[in-house]
Amino acid sequence: MSHQASLELEMAVRKALGRNAGRGSLLVASADYIDIGFGFAALTAAVAPYYVNATAEEQVEISEFLKRYTELNGGRAKEHAELVEQAAQELDKLIGKLKK
């Protein structure tokens, strides 16, 4: 697998966090960080601001989303390229829905 899947997830996380995210938040969005096994941390950081203000139904949806990607917790992203790409695509859709 190439580094490309982690870059896709990085872009999705950065988009979810927005321009006003602090530097610490953007660290978890780094493709290099995702490559070494912190894809789940990146996903969690991306949805955390939305979870705080979400309805009960939206919180369930966010929790279910995260459950689908627990395999990325501590796992090397390069070994889970398809799952990382899927997470990036689903994150974009979820954030789009939560922003409405």
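Overall shape of the chain was characterised from the C-alpha gyration tensor. The equivalent ellipsoid obtained from it has semi-axes of 21, 15, 11 Å, in decreasing order.
Taking the charge dipole of the chain about its Cα centre, with +1 at Lys and Arg Cβ atoms and -1 at Asp and Glu Cβ atoms, the residue from Leu72, Ser30, Val52 reaching farthest to the positive side is Val52. Relative contact order, whole percent, for the chain stands at 40, derived from Cα pairs under 8 Å and 6 or more residues apart.
Distance between the 7 Å Cα→Cβ label points at Lys97 and Val60: 1.2 nm. Close amide H contacts of Asn73 (hydrogens built in the peptide plane, cut-off under 5 Å, sequence separation of 5 or more or a different chain): Phe40. Mean-square fluctuations from a GNM of the chain, with a 10 angstrom spring cutoff on Cα atoms, peak among Thr55, Thr44, Thr70 at Thr55.
Only the coordinates and a few stated rules stand behind these numbers; no lab work does. Model, not experiment: these values are computed from the prediction. Glycine also receives a Cβ, built like all others from the backbone with ideal geometry; neighbour counts cover every protein chain displayed.
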